[in-house]
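Input: a single structure, listed below in structure tokens.
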Amino acid sequence: MPIAKKKKTKDFSSFFGMLFFTIVIVSVILSVGNFVRYSQLLKQYNELKEYVNNKVSEMKAENEKLKDLLAPNSLVDKYIAAANYLRDFGYDFEKILVALNDDPTTGYFMVFVVGNETSWFTVKDKEKTYFSGELKPGLSNYRFFYFKEPRIKTNYDIIVPPNATITVGKAGKVYLLFYGVGLKFHPTKVVQLTETSYENFAAKFSLYIPGNQ
């Protein structure tokens with residue numbers, strides 16, 4: 001009996017020893033695996049951190065460039081100023097051409113709005129709208145040619161058919177100054193628009209158009 005008991009105790013000791021050894025081996029393997037995984041994650045984190053830092057540096061550099069470009073007296077600032085100057089000069093130049101170019105072989109009219117309020121003004125027919133916009137008080141810069149185009153056409157010159165319809169927003173506040181064919185600089189007729197709409201304005205206002213009966 002003592003020998004059998006001693007052998008049984010020895011078997012238990014061997015089993016627990018092997019179990020402990022197995023646990024140690026598994027723990028070591030898991031630790032090594034975790035270390036390898038940690039190393040990989042750390043590497044990926046460092047790579048991502050480096051990528052983000054590079055992008056941030058690039059964005060900072062681009063922002064500095066934008067600040068330099070948009071700063072006062074910068075290249076872009078000078079370009080915008082030059083563009084605005086040329087644009088304003090262009091409009092002024094158009095007005096100069098309108099004032100100088102008055103061909104007596106053409107017929108046109110201009111619009112004068114009285115009072116202190118703007119008025120909507122439209123010239124159109126069934127197929128097309130030739131002009132539609134709000135005109136300020138005073139003499140408008142636009143010229144509406146109903147017979148022949150001008151020799152020099154500007155942005156203020158609008159070609160309209162003589163049978164078009166004229167519509168105004170404020171009846172009684174709008175006048176048409178007609179510069180008839182054959183005369184220069186002085187209107188041949190001044191018409192007050194007491195109605196809001198006029199169809200076939202050339203016939204309505206008895207305009208002289210060469211070739212028409």
Assuming Ala164 fulfils every condition listed in (1) closer than 15 Å to Phe205 by Cα; (2) open to solvent by 30 Å² or more (accessible area, probe 1.4 Å) apart from one, which condition is it? (2)
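Collect the residues in segment 138-161 that are in a loop (DSSP other than H, G, I, E, B) and open to solvent by 20 Å² or more (accessible area, probe 1.4 Å), keeping them in residue-number order.
Result: Asn141, Tyr142, Lys148, Glu149, Arg151, Ile152, Lys153, Asn155, Tyr156, Pro161.
The values are calculated or read from the model by the stated rules, or taken from the named source; none is laboratory data. Being a predicted model, the structure only gives us computed values, none of them experimental. Ligands, DNA and RNA are excluded from the accessible area calculation, which covers all protein heavy atoms including side chains. Shrake-Rupley method; radii C 1.70, N 1.55, O 1.52, S 1.80 Å.
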